[in-house]
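Let me begin by presenting the structure, written as structure tokens, before commenting on it.
We did not get these values from a lab; they are worked out from the coordinates using the rules stated. For clarity, every value in this text was computed on a predicted model and none was experimentally measured. For neighbour counting, all protein chains shown are included, and Cβ atoms are generated from backbone atoms with ideal geometry for every residue, glycine included.
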4 protein chains.
Amino acid sequence: MQAREMLSSHPTGTDLDESALAGCIEACFECAQTCTACADACLEESGGELDLRHCIRTDLDCADICETTGKVLSRQTEPSWDLLKAQVGACMKACQECGDECESHADHHEHCRVCAEACRRCEEACDQLLNALENV
Amino acid sequence: MQAREMLSSHPTGTDLDESALAGCIEACFECAQTCTACADACLEESGGELDLRHCIRTDLDCADICETTGKVLSRQTEPSWDLLKAQVGACMKACQECGDECESHADHHEHCRVCAEACRRCEEACDQLLNALENV
Amino acid sequence: MQAREMLSSHPTGTDLDESALAGCIEACFECAQTCTACADACLEESGGELDLRHCIRTDLDCADICETTGKVLSRQTEPSWDLLKAQVGACMKACQECGDECESHADHHEHCRVCAEACRRCEEACDQLLNALENV
Amino acid sequence: MQAREMLSSHPTGTDLDESALAGCIEACFECAQTCTACADACLEESGGELDLRHCIRTDLDCADICETTGKVLSRQTEPSWDLLKAQVGACMKACQECGDECESHADHHEHCRVCAEACRRCEEACDQLLNALENV
């Protein structure tokens, strides 16, 4: 992904730590893709495996929230720090819950294992960006 | 919109106040459409009107966040109240900021006036749903 | 929804039939909400009902495509008629397939019945807009 | 991104060329991020630069369409080849138009140069996937 290049070519740039911001943008888009694919793999998987129902719901929410957070973070024009904190906070929560859920199926389903890792990376990236947002 | 009909035909339904939930879902989708259109109208408007730049950015964020919030709220299967609170809280903040910004242009641009009203309705609907979420 | 008010307050407006355009925008957002809710209701429904798996996949695709089509159509600034034709054509196809699938479950699941109707309305609205796009 | 890993861990997998499919998914998500950032950079840029207005509109459409196409392609459960052809075709068109527009500003704006390249990669990836779809 080109989040770093796009950030450094922005006319005004950002007051945030550029590395934390670019890392969070890329983690959000990656997690949105992985969760979308995991929801679908779980759906195909379920030969009546009802325990994957919760995983599908959690994947879909996490995909939507990561996608929107990634887009909002991609904009540097006159940002609202309060809004970013709220949205990144919601995204961190979504990744935490989806990471927990997918992790509990990681031994049985490789797609849940890969997805849990993407959620953990995004949760961590949100956490680092929230720290950067506290100090801006 | 059919949010109410879809809610009442869901196999398990919701533990939330159904009217507050359906109202918030519909307000989110309505606000997503209005903010998308307002960003574009402001873009066309700007014969160098630089004061609309902030309005465009705010509209785009609000559209993305409302859309995602509306989709997350449309799911009733095994919800996470904590995640809903965080996402609806972020949505309320986005609508508040976008409503303020659009309101400040309402006398000059009819699209900003209509958009400010949609933001206010959605902000109010989020507030009512947050109250319902406190009591679940 | 305020699609009509937003259209008529746009600084340059549209060369398309305004009623066909506003109708299609609103049908797209409505269908995105309904399909998102139907996918979730089908997920909850499935106590091993494997025949709903295809319905869930179709609902999710239709929701994503309708949402994007509704946003693209909400912009009037310097449109590309060719791109609109391609995207509205894809949306009409998505609604057709999802309408067929949901209709086949309409007798057993009220949410599929309501969703099939939303898909049919959106398919029809896309068809009318495609006609308007041929004559622009 | 993990599109390849997610594809190979899907219970049924895909009948399409796996490399063409994974490449297109990743190009779509990458292009959605880049176009979102380019629209914002162009917005900030415009000290009255009215020629960037068209670029912003084109960027926003391309971002929405790539995002949705990337999500639809991430699902392997019982796909509709006809729908995929229509949506990937619309995406290829969006990338072509946005690539042309951004390329025309590439000498003056680095973000447009980077974005034009992302659009070209995604256009090419869509073209390859359309070929694979013809042979399925």
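Under the definition of Cα pairs under 8 Å and six or more residues apart, what whole-number percent is the relative contact order of chain A?
30
From the Cα gyration tensor of the stretch A:51-104, with a ≥ b ≥ c the square roots of its eigenvalues, which class applies: rounded if a/c is under 1.5, or else prolate if a/b is larger than b/c, or else oblate? Display every interim value, and only then the final one.
Numbers: a/c = 3.92, a/b = 2.63, b/c = 1.49.
Verdict is prolate for the stretch A:51-104.
For a quick check, take a GNM of chain C with Cα springs below 10 Å and name the residue from C:C42, C:C98, C:C115 with the largest mean-square fluctuation.
Sorting by GNM fluctuation, first place goes to C:C42.
Considering only Cα-Cα distances, which of the following residue pairs are longer than 32 Å: A:K85/C:K85; B:K93/C:K71; A:K85/D:K93; B:K93/D:K71; B:K71/D:K93; C:K71/D:K85?
A:K85/C:K85; A:K85/D:K93
I need the shape label for the protein assembly as shown. Rule: rounded when a/c is under 1.5, else prolate if a/b > b/c, else oblate, with a, b, c from the alpha carbon gyration tensor.
Rounded shape, in that the Cα axes give a/c under 1.5.
Give me A:H109, C:H111, D:H108 sorted ascending by neighbouring Cβ count inside 10 Å, so fewest comes first. Provide the component values of the computation, followed by the final result.
Working: A:H109 21, C:H111 29, D:H108 12.
Final ranking by Cβ density, sparse to dense: D:H108, A:H109, C:H111.
Could you name the residue in chain C with the C-beta closest to the rotation axis that superposes chain C on chain B, along with the separation in whole Å?
Residue plus distance in Å, as requested: C:F29, 3.
What is the ratio of the Cα radius of gyration of the stretch A:2-136 to 2.2 N^0.38 Å, where N is its residue count, to two decimals?
This ratio for the stretch A:2-136 stands at 1.10.
Please check: in the Gaussian network model of chain A (C-alpha springs, under 10 Å), which one of A:L21, A:L83, A:L60 has the largest mean-square fluctuation.
For chain A, modelled as a Gaussian network with Cα springs under 10 Å, the answer is A:L83.
In debye, nearest 20: dipole of the protein assembly as shown around its Cα centre with unit charges on the Cβ of K, R (+) and D, E (-)?
Magnitude of the dipole: close to 0 debye.
Sum up the charges of everything whose Cβ sits under 12 Å from the Cβ of D:A86, counting Lys and Arg as +1 and Asp and Glu as -1, but leave D:A86 out.
Summing Lys and Arg as +1 and Asp and Glu as -1 gives +1.
Rounded to whole Å, give me the distance from the Cα center of the stretch D:106-126 to that of the stretch B:12-91.
Here the two parts' Cα centres lie 30 Å apart.
Placing +1 at every Lys and Arg Cβ and -1 at every Asp and Glu Cβ, with all other atoms neutral, what dipole size does the stretch D:17-134 have around its Cα centre, in debye to the nearest 20?
It comes to approximately 320 debye.
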